[in-house]
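One structure is given below, encoded as structure tokens.
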Amino acid sequence: RRRRELRLFCRSRLRNRLIQSITGRTPAPRGNDQRKDVQVSVPVGKRGENTLLVWLKAVELAKYTMEITSNKSNFPARYDAMTSRICNAAIGAAGDLWHANKVFIGKGCDERAFVDRAYLQNRAVNELDELLFLIDLAGKALHRPSKKTAYWAVLAREVKQLAVKWRESDADRRRARG
């Protein structure tokens with residue numbers, strides 16, 4: 001019994017650390033982990049956008065896109081060409097954002113790293129633009145503007161806005177570097 005309690009406690013601490021690293025916020029206490037004296041190293045006023053959040057949202061968008069397009073009642077078989085383009089745009093954007101996050105930008109990096117990262121970020125934004133166009137086209141072609149389509153478009157716009165903000169912050173960092 002003691003081992004089980006210890007294992008659950010370690011899982012909850014790991015979960016809390018993961019949530020804190022992704023969102024920048026301390027998660028609400030859950031179960032036996034009722035610690036109220038949790039301190040975060042960065043004050044609330046000095047926290048910025050987490051660039052990993054862009055990628056997580058892009059993965060959520062790609063997953064949602066695959067769920068919607070795999071349903072044959074939403075996208076009949078005669079629209080397979082459009083479906084594959086929609087999925088490719090969503091998955092490509094998530095992949096480009098993941099690759100851009102892997103390019104190291106920091107002390108000691110050369111100018112080429114900034115160029116590579118900006119290229120990947122631009123490609124992701126262009127794929128998100130294409131995805132927004134295809135979502136709009138699908139809604140008009142299938143005559144099904146619904147809550148699902150509206151949520152899908154809002155999610156795609158949110159990912160695009162986060163990607164643009166990330167690209168701009170990297171450009172500011174590049175200019176400040178000199």
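Read-outs: derived from the displayed coordinates by stated rules, not from any lab. Everything quoted here is computed from the prediction, not taken from an experiment. Using ideal geometry, Cβ is built from the backbone for each residue, glycine included, and neighbour counts are taken over all protein chains shown.
Determine the alpha carbon to alpha carbon distance for each of Lys63/Lys140; Lys57/Lys148; Lys72/Lys140 and list only those over 19 Å.
Lys63/Lys140, as the Cα separations exceed 19 Å there.
So what are the ³J(HN,Hα) numbers for the stretch 157-167, from phi and the Karplus equation (6.51, -1.76, 1.60; θ = phi - 60°), rounded to whole Hz, Gly and Pro as x?
After applying 6.51 cos²θ - 1.76 cosθ + 1.60, I find 5, 5, 5, 5, 5, 5, 5, 5, 4, 5, 4 Hz.
With the cut-off at 1.5 for a/c, could you classify the stretch 42-174 from its C-alpha gyration tensor as rounded, prolate or oblate?
Note, shape of the stretch 42-174 comes out prolate.
Rounded, prolate or oblate, given the Cα gyration tensor of the stretch 57-113, with a/c below 1.5 counting as rounded?
In terms of gyration-tensor shape, prolate.
All other residues with a Cβ under 12 Å from the Cβ of Arg157 taken together, and with Lys, Arg as +1 and Asp, Glu as -1, what is their net charge?
-1
Would you tally the net charge around Tyr79, using a Cβ to Cβ cut-off of less than 11 Å, leaving Tyr79 out, and scoring K and R as +1, D and E as -1?
For residues surrounding Tyr79, the net value is +2.
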